[in-house]
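Undergrad: First the structure, then my questions, so here it is.
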Amino acid sequence: MTGHVEPMVGRYVHVEISGEMHRIYFEENGQGIPLVCLHTAGSDGRQWRHLLADAEFSKAFRIIAFDLPWHGKSNPPASWGGEEYRLTTARYTETVLAFCGALALPKPVVMGCSIGGRIVLNLAIDHAAEFRALIGLEAADFQAPWYDTSWLNRPDVHGGEVCAALVSGLIAPQSPEVSRNETLWAYKQGGPGVFKGDLYFYRVDGDLRGRTDRIDTKVCPLYLLTGEYDFSCTPDDTRRTAAEISGASVTVMEQLGHFPMSENPEQFRRYIAPVLRDIIKQSAHTKQGEHV
Amino acid sequence: MSSPDEPDADIAGTFAGIPSLLDRAPALIARGRMLDCECLLGPLDHPFHVSIREGRIVDLTPAPVLMRSWRFSYRATAVAWAEYWQPAPRPGWHDLLALTKRKQATLEGDLHPFMTHLQYFKDVLALPRPRGQVPA
């Protein structure tokens with residue numbers, strides 16, 4: 001074998017969600033603390049490929065990225081007959097918990113971006129004790145809408161083109177062209193109505209205002225990082241959210257937008273590395289404490 | 001290149017140069033090859049009637065023009081255009097819909113041609129932005 005082979009491997013796990021088995025695709029690399037990564041609305045786990053291949057962090061973390069049902073290589077379930085797809089807070093929460101359960105991950109870290117960042121907040125509200133740490137990228141309890149999502153799925157507008165064109169503005173101008181194109185490619189490949197259905201959770205069902213003050217960061221540390229060019233979830237949205245959560249860590253990432261891990265992996269690494277090192281340090285302390 | 005504090009007249013002058021910049025961007029014209037549209041684009045108070053045929057701007061005339069129709073309009077403040085045309089625009093000034101969200105631009109009319117060609121319009125209207133000079 002002479003070609004460069006990347007270290008992550010992809011497999012399928014069968015996961016029961018809402019009483020039905022779902023065939024979920026995931027990729028993983030590394031050993032150690034389970035780190036489950038959640039993609040943005042309308043995209044898939046490929047967004048995490050640079051972190052998955054990270055030589056330093058794969059020594060301390062078992063890095064895992066899965067495709068939500070309807071996304072990437074995770075097909076819709078067998079019962080789906082073409083009805084409108086809609087992600088809800090309850091279903092998304094159940095999916096993350098069921099996936100972690102199916103892989104029997106011991107107290108994982110979950111890092112999610114955009115809708116993944118929003119669900120991380122819900123995990124912090126209702127399930128903090130089940131996680132070692134939670135990381136929300138481009139996360140807020142609520143964001144003001146900036147376009148009508150009905151444009152995302154209608155027969156007279158190309159869904160792939162319009163989804164990609166809408167989110168293209170959320171990428172920082174400094175991000176490399178190749179990474180910008182790769183980030184948008186996933187949007188051009190999404191199934192019809194899937195991005196719109198994810199945004200049902202984001203825009204309608206997943207408003208967490210008034211609930212985040214229940215988050216106890218002593219039970220589970222919470223890190224929030226938002227790109228300065230994200231005008232969908234703005235740094236101010238994240239700061240406002242964090243103001244209600246005692247002990248939440250907030251970082252505004254320069255020269256990054258709504259897709260930090262895929263639009264500029266090198267720049268993102270500057271910001272996520274200290275967070276991951278902090279989690280390694282805290283885990284070591286906890287482990288020592290357990291031995292005493 | 002425009003600076004954020006330049007007057008409306010300079011913005012209008014830059015706008016008038018967009019058709020010839022587009023003529024030198026064949027890939028962008030190709031993306032608009034199915035587009036024939038009359039629209040109103042430019043500064044809020046002094047926009048242009050723009051006629052697009054097969055992705056090319058074949059006419060750009062200052063408004064108002066007596067009884068001329070348009071399907072959609074995208075108009076922004078002079079400050080917004082000057083910011084949008086910076087090599088690396090500041091956060092919130094870097095995208096057409098970021099500008100509408102911050103109320104520096106208005107989008108009106110029948111949005112169908114705009115939405116079917118959203119990336120085309122973002123890129124056409126960014127043509128005055130100096131290329132390859134984005135500060136790292």
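Undergrad: Please tell me if A:TYR223 is within 16 Å of A:ILE119 (Cβ to Cβ) and in contact (Cβ under 8 Å) with a residue 12 or more places away in the chain.
TA: yes
Undergrad: Another question, then. Give all pairs with beta carbons closer than 6 Å in which a residue from the stretch B:92-104 that is at positive phi meets a residue that is surrounded by fewer than 19 Cβ atoms within 10 Å (Cβ to Cβ); count only pairs at least 6 apart in sequence or on separate chains.
TA: B:GLY92/B:ARG102
Undergrad: Another question about this same structure. With A:ASP205, A:ASP213 as the choices, which residue is out of contact with any helix residue (DSSP H, G or I) (no Cβ under 8 Å at 6 or more places or on another chain) and of a type in the set (Asp, Glu)?
TA: Result of the check over A:ASP205, A:ASP213: A:ASP213.
Undergrad: Right, something else. Being under 20 Å from A:GLY257 (Cβ atoms) and either at pLDDT below 95 or surrounded by fewer than 23 Cβ atoms within 10 Å (Cβ to Cβ) (or both): is that true of A:PRO173 here?
TA: yes
Undergrad: Does A:VAL204 qualify as being of a type in the set (Val, Ile, Thr) and surrounded by fewer than 17 Cβ atoms within 10 Å (Cβ to Cβ)?
TA: Yes.
Undergrad: Could you grab the pairs with beta carbons closer than 6 Å, sequence gap of 6+ or different chains, first residue in the stretch A:113-140 and at positive phi, second one small (Gly, Ala, Ser)?
TA: Partner pairs satisfying both residue conditions: A:SER114/A:ALA41; A:GLU138/A:SER114; A:GLU138/A:GLY117.
Undergrad: Right, next: May I ask you to say which residue of B:ASP8, B:ASP23, B:ASP45 is surrounded by fewer than 14 Cβ atoms within 10 Å (Cβ to Cβ) and at pLDDT below 95?
TA: The conditions single out B:ASP45.
Undergrad: May I ask you to verify whether A:ASP198 is modelled with pLDDT under 95 and either buried (at least 21 other Cβ atoms within 10 Å of the Cβ) or touching a Ser or Thr at 6+ places or on another chain (Cβ under 8 Å) (or both)?
TA: In short, no.
Undergrad: Given the structure, is A:GLY206 within 20 Å of A:GLU254 (Cβ to Cβ) and either in contact with a Phe, Trp or Tyr (Cβ under 9 Å, 6 or more places away or on another chain) or among the aliphatic types (A, V, I, L, M) (or both)?
TA: no
Undergrad: Select the helices (runs of 4 or more DSSP H) contained entirely in the stretch B:87-136, then report the ones holding at least 1 residues which are within 13 Å of A:GLY169 (Cα to Cα) and more than 7 Å from chain A (Cβ to nearest Cβ).
TA: Per the criteria, B:96-101, B:118-125.
Undergrad: Condition first: surrounded by 24 or more Cβ atoms within 10 Å (Cβ to Cβ) and more than 27 Å from A:GLY169 (Cβ to Cβ). Now tell me which residues in the stretch A:252-283 satisfy that.
TA: Result: A:LEU276, single match.
Undergrad: Inside the stretch A:207-241, can you point out the residues that are small (Gly, Ala, Ser) and surrounded by 22 or more Cβ atoms within 10 Å (Cβ to Cβ)?
TA: Within the stretch A:207-241, A:GLY227, A:SER232 qualify.
Undergrad: Moving on. Could you check the stretch A:246-268 and list, in sequence order, the residues that are touching a residue at least 40 places away in the same chain (Cβ under 8 Å) and either closer than 27 Å to A:ARG209 by Cβ or assigned to a loop (DSSP other than H, G, I, E, B) (or both)?
TA: Result: A:GLN255, A:LEU256, A:GLY257, A:HIS258, A:PHE259, A:PRO260, A:MET261, A:ASN264.
Undergrad: For the stretch A:17-30, which residues satisfy the criterion of being out of contact with any Phe, Trp or Tyr (no Cβ under 8 Å at 6 or more places or on another chain) and within 12 Å of A:PRO69 (Cβ to Cβ)?
TA: Matches in the stretch A:17-30: A:ILE17, A:SER18, A:GLU20, A:MET21, A:HIS22.
Undergrad: Taking B:THR100, is it in contact with a strand residue (DSSP E or B) (Cβ under 8 Å, 6 or more places away or on another chain) and under 19 Å from A:ASP230 (Cβ atoms)?
TA: Criteria met by B:THR100.
The values are calculated or read from the model by the stated rules, or taken from the named source; none is laboratory data. Just so it is clear, the structure is predicted and the values come from calculations on it, not from any experiment. Cβ atoms come from the backbone with ideal geometry, glycine included; neighbour counts cover every protein chain shown.
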